[in-house]
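Contents: one structure, followed by commentary.
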Amino acid sequence: MKGLLIKDFKLIKMHRNYFAMIIAIAFVISLLTEDTTFMLGFISFITSMFTISTISYDEFDNGNAFLFTLPIDRKKYAAEKYVFGMLLGGCSLFLAIILAVILNLIEKSDTISNILISGGMLLPFILLLLSILIPFQLKFGSEKGRIVISAVFSIVFLISFVLGKSIGMLGINIAEVINRISLLGAGGLFILIFVISMIVVLFSMKVSISIMNKKEF
């Protein structure tokens, strides 16, 4: 797995100008809008999505056929994408938090505690997003994967809309449910969401390993 991680991080190095541009754009927009939390989501989500790009690079010109002649197996390959995604998402989020704190010292537009809480809450959602995207990318590839992922998100949006309407018709008080959840506090809520996201990650990883074991190159 170490070799796969090195390979993917070398790909990042090749695109360092792109990532520098993303950071610069996020910093300027946050500076102009006086919204320090904007760069947290922008930098971390855009950067972590590069995990999906590494799969496309591996598939390009039948690269996987060569890759699996090396001393790696399909299980490690699938698992590495999750490890790489978590490292990339975590490191980019940490960098974004540092930049947001620096910007806040200049503008005084937010509190450091709010920046830290916002950053902490973003991490589980990055993990959830990767858990959805990686299996589809491995299964359908770059071109078909985009179509399938778009369809999946459309279905999720539709289900959420219908569910929201149904809850209203059933007379369930959403505000009361939110108030009860808020009793957990920021720390308790973060732990709950993080645990749920890790369960989803493990399930997604199992699916991805199964997909890789069935693929032919």
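Every read-out reported here was derived from the displayed coordinates using simple, explicitly stated rules and does not represent laboratory data. This structure is a prediction, so every number in the text was calculated from the model and none was measured. Methodologically, a virtual Cβ is constructed for each residue, glycine included, from the backbone with ideal geometry; neighbour enumeration extends over all protein chains shown.
Things to note:
- The stretch between residue 5 and residue 147, if pulled fully straight at 0.36 nm per residue, gains 48.3 nm over its current Cα-Cα span.
- Computed from backbone phi, the HN-Hα couplings of segment 4-14 come to 5, 5, 4, 4, 5, 5, 5, 5, 4, 4, 5 Hz, rounded to whole numbers (Karplus: 6.51 cos²θ - 1.76 cosθ + 1.60, θ = phi - 60°; Gly and Pro given as x).
- Backbone amide hydrogens, once placed in the peptide plane, bring residue 68 within less than 5 Å of nothing, excluding anything fewer than 5 places away on its chain.
- Summing charges over all other residues whose Cβ lies under 13 Å from the Cβ of residue 205, with Lys and Arg as +1 and Asp and Glu as -1, gives +4.
- Alpha carbon centroid spacing (whole Å) that separates segment 1-64 from segment 78-109: 11 Å
- Phi-based couplings in Hz for segment 122-135 (Karplus 6.51, -1.76, 1.60; Gly and Pro marked x): 6, 4, x, 6, 5, 5, 5, 5, 5, 5, 7, 6, 4, x
- Using a cut-off of 19 Å between Cα atoms, the listed pairs 2/214; 139/214; 2/75; 139/215; 13/215 include 2/214; 13/215 as exceeding that distance.
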